[in-house]
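The values are calculated or read from the model by the stated rules, or taken from the named source; none is laboratory data. All values derive from a computational prediction rather than experimental measurement. Just the protein is used for accessible areas: all its heavy atoms, side chains included, with ligands, DNA and RNA removed. Shrake-Rupley method; radii C 1.70, N 1.55, O 1.52, S 1.80 Å.
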Amino acid sequence: DGYYPNTIHSFCVACHYSCLTCSSVACLTCDSTRNLTSGTCPCATGYFANNTVCLQCNTTCISCTSLTVCQQCPGGMTISGGGCICNSGQYYSVGGCLPCPSNCSSCLSDIECTGCLYGLQLVNGVCQCNLSSEYLKATVC
């Protein structure tokens, strides 16, 4: 593995670093981080080239050029600052974006708000009624 025979000079020649096995002109197989494509082994989707190895992208990226630069995000996420973030009103949990609690405009989790809907006030990560608002006391709180 990793070599092919040079029949003219009777010795083995190393394959290109990206090939697991090869012939004299092309890769025949690749490791699990690469895809065999027209006799070459570029990094598979979800991996990026780092010198001679393919490294896995950040878990929130579908494809990337480095650990800090996503090229494509899963549904429900957008690229921001090179990474993938959830859309407004959502937070990231293992496997994807989930909606914030109903009284939050933005959040870090299902129990920690970072912004509140109109008329509510943020107190230690929780959106509470703003008791100084007579309208809210009468209609919402």
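A compact table of results
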{"quantity": "For the chain, built as a Gaussian network whose Cα springs stay under 10 Å, the top-fluctuating residue of Q90, Q72, Q128", "calculated": "Q128"}
{"quantity": "Helix-derived mean residue ellipticity, 222 nm - over the chain, DSSP H n ≥ 4, -39500 (n - 2.57), to 500", "calculated": "-1000 deg cm²/dmol"}
{"quantity": "Quotient of Cα Rg and 2.2 N^0.38 Å for segment 56-116, N being how many residues it contains", "calculated": "1.16"}
{"quantity": "Read-out P(r) over Cα pairs in 10 Å bins from 0, in percent, derived from the coordinates shown; its label in (1) 11, 38, 34, 15, 2; (2) 12, 34, 29, 15, 7, 2, 0; (3) 12, 24, 19, 15, 12, 9, 6, 3, 1, 0", "calculated": "(3)"}
{"quantity": "Distance between segment 78-118 and segment 17-58 - C-alpha centres, whole angstrom", "calculated": "36"}
{"quantity": "Whole-number percent relative contact order across the chain, with pairs defined as alpha carbons under 8 Å at least 6 apart", "calculated": "8"}
{"quantity": "Solvent exposure, largest accessible area first (probe 1.4 Å, DNA, RNA and ligands not counted), of V123, V94", "calculated": "V94, V123"}
{"quantity": "Long-range Cα-Cα pairs in segment 18-91 (distance over 16 Å), rounded percent", "calculated": "53"}
